[in-house]
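Structure first, then comments.
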């Protein structure tokens, strides 16, 4: 009997992965064809690895009514590594957003042990099966329900817990500024 010769398995390339690019193109096409509530997406300089996102502030939060531009940058080995997301509105104020606008949320963290944040479970971290839509929904949820166990912006975290009225006032001013930019 003849033994069928198998083709070698194609390894993912280090610089620019065709599968990741095709996956991003498909997700982008789906999100522009069937947008999800609260978001609009576009490409920066027609680059599939750099997305511009406009996020509506979630209802029933101090962010409600705001329009917040973000940039999502995908690594060349996507989906094996997570993208990075950053709010570009100056002074964006939230316990889980760094002062420079970078979003700090488990779903965007590399799936490895973190001795500085033992509260974060591996199951909460990045997995290649997660979609851009899942990330956007998670970030919108984060705006509604901050995670105080590992704040990226300690000042915002302390203010929200100790003086929620001052925190809300700051967010409402942020919402007004966001609308002036559009």
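Checked across the range 21-40, the condition of being part of a loop (DSSP other than H, G, I, E, B) and modelled with pLDDT of 95 or more holds for no residue. In the range 28-38, the condition of being under 30 Å from residue 165 (Cβ atoms) and more than 18 Å from the chain's Cα centre (by Cα) is met by no residue. Residues in the range 83-99 that are at pLDDT below 95, touching a helix residue (DSSP H, G or I) at 6+ places or on another chain (Cβ under 7 Å) and within 22 Å of residue 41 (Cβ to Cβ): 89 alone.
The values are calculated or read from the model by the stated rules, or taken from the named source; none is laboratory data. As the structure is a computational prediction, the values presented were derived from the model and not from experiment. We place every Cβ from the backbone using ideal geometry, glycine too, and count neighbours over all the protein chains shown.
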